[in-house]
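K.L.:
I have a structure I would like to understand better, so I am pasting it below and will then ask my questions one at a time.
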Amino acid sequence: QYTSLHPNFRTVSPNHVTPPPPPTSITSSTTQSLPQVSVKPIIQSRAYSPQHFYQNRILDQYASQPITPITLRQLIVFGRNLTEERIVKSGNYVRSELPIRIAHRIRDFQNLPFIVGTNPHLSMVYDLYWSAFEKLRKFPPVRTMEENNEWCETIKGLLKNHLVVIPKLAMGMMECSEHLPGEQIDRFMNTMLRTRISRRVLAEQQVALTENWHDPGYTYNQSENDGWIGVISTQCNAKEIVEKCAKMTINFFKEYYDVEPPQVLTDGQVDTTFAYIPDHIEYIIYELLKNSIKGVIEKHAPSIISTSQSPSKQMLKSSQLFPPITVTICSGPTDIYFRVSDQGGGIPDKLYPYIWSFASKSNDKKILHKFTNFSKVPHMAARVEEYEQQIVPPELSLGIGLPMSKVYAEYWGGSLNIFSLDGYGVDAYVRITKLGNQIENLV
Ligand code: COI
């Protein structure tokens, strides 16, 4: 599948603008003398045309600028007392920031080895990024609320179009694993995913602040609006988050395997509240619980998962048969901790070194199960899984839930660690910073 020449990437050197290679290699006048290549005309013209050369020079202007990172606290403080002037101001910050941020990623694509650019999944994401870059950079300055509304419509469209990005990237990288060392795949994926979160946070916050502004029922009094400021909740309750994720995961397993799954118990400082983007923490807790529940069922009633049938429903109907999963919550001076402990048999020692990798082949690390009922999973995970379902063939599992969770945990300066006792169970430690003073982690 890599035989076709795909000139989409690396048309200019990343550091200096040099003219693209003479167009002799793939123009129609000379193709007869070349080995047969199948290149879509649009890609051909984009890669080698003067227009593309000009576009790359513009890209340089953006990719050479540093980004201006933010903290969660800045977003909170800014959104606390909005005025039209402030919404317009943040609209313009997002308008100047997004094209710079996306330009850096287009450059990353261009720095990948040529053959990787032939992958259709990666090339699709590259095209999406180019098209978004063009739209974003061409949007005129926002001066009024009406113009801000139009700006929000534009970014809402892009947010929707880019829902396919994660599974496309993961599939593309999986298919290219023969051509790239694992470390390079992981570095690329980590950067892509972190910076994608950053762009989406900026875009979603601008849209949500604007919607808050237009919502007659919205109040800027935090105790009256459940602590919401755009997509941030200043009153995330640790126990409620765990319970919400546990309920959704348990319901799924009940329905899918016709089994009463293990209980999820919560202990420790359960009343802890903190300011965060709930989608981010829910994604992590949901992924961890999903792995834990599956591990416990697999270890204590293996036939259920391996055959998808319940051989002895009567025996398996009771959750008492399974050791519970315990989520311990702890609130320190600067951080909140969630420890998810299960007795699901642990991660085999031979797989453990690869759990954070986007690179290893999914068959080697089938830790995850693919869900089919998206209404039952948290917002963020549902969005990722829905598109995974559409893009990834059913026999494959991307297995990106854990590395993705780590990316989310580290995004605002937290961490995710997994300790496994092979044969017994897993302890996963999520640390979330609670002061909101860490800048976005983009490296
Ligand atoms: C993404 O989701 O990949 C984005 O870059 C979104 C942004 C264009 C608003």
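The values are calculated or read from the model by the stated rules, or taken from the named source; none is laboratory data. From a predicted model like this one, the values you see are computed outputs, not experimental measurements. Note that each Cβ is placed from the backbone with ideal geometry, even for glycine, and that neighbours are counted across all protein chains shown. Keep in mind that these areas ignore ligands, DNA and RNA; they rest on the heavy atoms of the full protein, side chains included. Shrake-Rupley method; radii C 1.70, N 1.55, O 1.52, S 1.80 Å.
K.L.:
I need the full set of residues from the stretch 213-245 which are buried (at least 20 other Cβ atoms within 10 Å of the Cβ) and under 13 Å from Asn81 (Cα atoms), in order please.
P.N.:
Ile229, Gly230
K.L.:
If you don't mind, there's one more thing I want to ask. Considering the stretch 120-132 alone, what residues qualify as being in contact with a His (Cβ under 8 Å, 6 or more places away or on another chain) and either open to solvent by 30 Å² or more (accessible area, probe 1.4 Å) or within 11 Å of the ligand (Cβ to nearest atom) (or both)? Break it down into steps so the answer makes sense when it comes.
P.N.:
In the first step, residues of the stretch 120-132 are kept if they are in contact with a His (Cβ under 8 Å, 6 or more places away or on another chain); the result is 123, 128, 132.
The answer is Leu128, Ala132.
K.L.:
So, one more: Among the residues in the stretch 178-192, are any open to solvent by 10 Å² or more (accessible area, probe 1.4 Å), within 12 Å of the ligand (Cβ to nearest atom) and among the hydrophobic types (A, V, I, L, M, F, W, C)?
P.N.:
There is no residue in the stretch 178-192 that is open to solvent by 10 Å² or more (accessible area, probe 1.4 Å), within 12 Å of the ligand (Cβ to nearest atom) and among the hydrophobic types (A, V, I, L, M, F, W, C).
K.L.:
Just the residues that are part of a helix (DSSP H, G or I), of a type in the set (A, V, I, L, M) and over 16 Å from Tyr129 (Cβ atoms), please, taken from the stretch 177-214.
P.N.:
First, pick out the residues of the stretch 177-214 that are part of a helix (DSSP H, G or I): 182-214.
Those left that are additionally of a type in the set (A, V, I, L, M): 185, 189, 192-193, 197, 201-203, 207-209.
Matches in the stretch 177-214: Ile185, Val201, Val207, Ala208, Leu209.
K.L.:
Shifting gears a bit: For the list (1) more than 16 Å from the ligand (Cβ to nearest atom); (2) touching a residue at least 12 places away in the same chain (Cβ under 8 Å), I need the number of the one condition that Tyr218 fails.
P.N.:
Exception for Tyr218: condition (2).
K.L.:
Let me ask another. Are any residues in the stretch 133-151 within 12 Å of the ligand (Cβ to nearest atom) and more than 21 Å from the chain's Cα centre (by Cα), and if so, which ones?
P.N.:
Keep residues of the stretch 133-151 that are within 12 Å of the ligand (Cβ to nearest atom), which gives 133-137, 139, 151.
Selection gives Glu134, Lys135, Arg137, Phe139, Trp151.
K.L.:
Here's another thing I want to ask about it. Which pairs turn up if I take residues in the stretch 54-75 that are at negative phi and look for partners that are at pLDDT 95 or above and open to solvent by 50 Å² or more (accessible area, probe 1.4 Å) with beta carbon separation below 7 Å, at least 6 apart in sequence or on another chain?
P.N.:
Correct list of pairs: Tyr62/Arg137.
K.L.:
Moving to a separate point now. Kindly list the number of the only condition in (1) part of a helix (DSSP H, G or I); (2) among the β-branched types (Val, Ile, Thr); (3) under 30 Å from Ile76 (Cα atoms) that fails for Val270.
P.N.:
(1)
K.L.:
Return yes or no: is Val165 open to solvent by less than 10 Å² (accessible area, probe 1.4 Å) and either at pLDDT below 95 or polar (S, T, N, Q) (or both)? Can you show your working first?
P.N.:
Values: open to solvent by less than 10 Å² (accessible area, probe 1.4 Å): yes; either at pLDDT below 95 or polar (S, T, N, Q) (or both): yes.
Yes, satisfied.
K.L.:
Now for a different question. How many residues does the stretch 63-106 hold that are among the polar types (S, T, N, Q) and within 14 Å of the ligand (Cβ to nearest atom)? Before you say what the answer is, go through the steps one by one.
P.N.:
First, the residues of the stretch 63-106 that are among the polar types (S, T, N, Q): 64-65, 68, 71, 74, 81, 83, 90, 92, 96.
Pick out the ones that are also within 14 Å of the ligand (Cβ to nearest atom) and you get 96.
Here the count works out to 1.
K.L.:
I've got another one for you. Got at least one residue in the stretch 107-119 being open to solvent by 10 Å² or more (accessible area, probe 1.4 Å), in contact with a Cys (Cβ under 8 Å, 6 or more places away or on another chain), under 30 Å from Leu402 (Cα atoms) and more than 12 Å from the ligand (Cβ to nearest atom)?
P.N.:
Yes, there is a match, as at least one residue in the stretch 107-119 is open to solvent by 10 Å² or more (accessible area, probe 1.4 Å), in contact with a Cys (Cβ under 8 Å, 6 or more places away or on another chain), under 30 Å from Leu402 (Cα atoms) and more than 12 Å from the ligand (Cβ to nearest atom).
K.L.:
Checking Ser292 against (1) open to solvent by less than 20 Å² (accessible area, probe 1.4 Å); (2) modelled with pLDDT under 90; (3) among the small types (Gly, Ala, Ser), only one condition comes out false. Which one?
P.N.:
The one condition Ser292 does not meet is (2).
K.L.:
Answer with yes or no whether Leu158 is more than 18 Å from Arg86 (Cα to Cα), within 16 Å of the ligand (Cβ to nearest atom) and assigned to a helix (DSSP H, G or I). Reasoning before the result, please.
P.N.:
Values: more than 18 Å from Arg86 (Cα to Cα): yes; within 16 Å of the ligand (Cβ to nearest atom): yes; assigned to a helix (DSSP H, G or I): yes.
Considered against the rule, which asks whether it is more than 18 Å from Arg86 (Cα to Cα), within 16 Å of the ligand (Cβ to nearest atom) and assigned to a helix (DSSP H, G or I), Leu158 comes out as yes.
K.L.:
Which of (1) small (Gly, Ala, Ser); (2) touching a residue at least 60 places away in the same chain (Cβ under 8 Å); (3) open to solvent by 20 Å² or more (accessible area, probe 1.4 Å) is the odd one out, the single condition Gly91 does not satisfy?
P.N.:
It is condition (3) that Gly91 fails.
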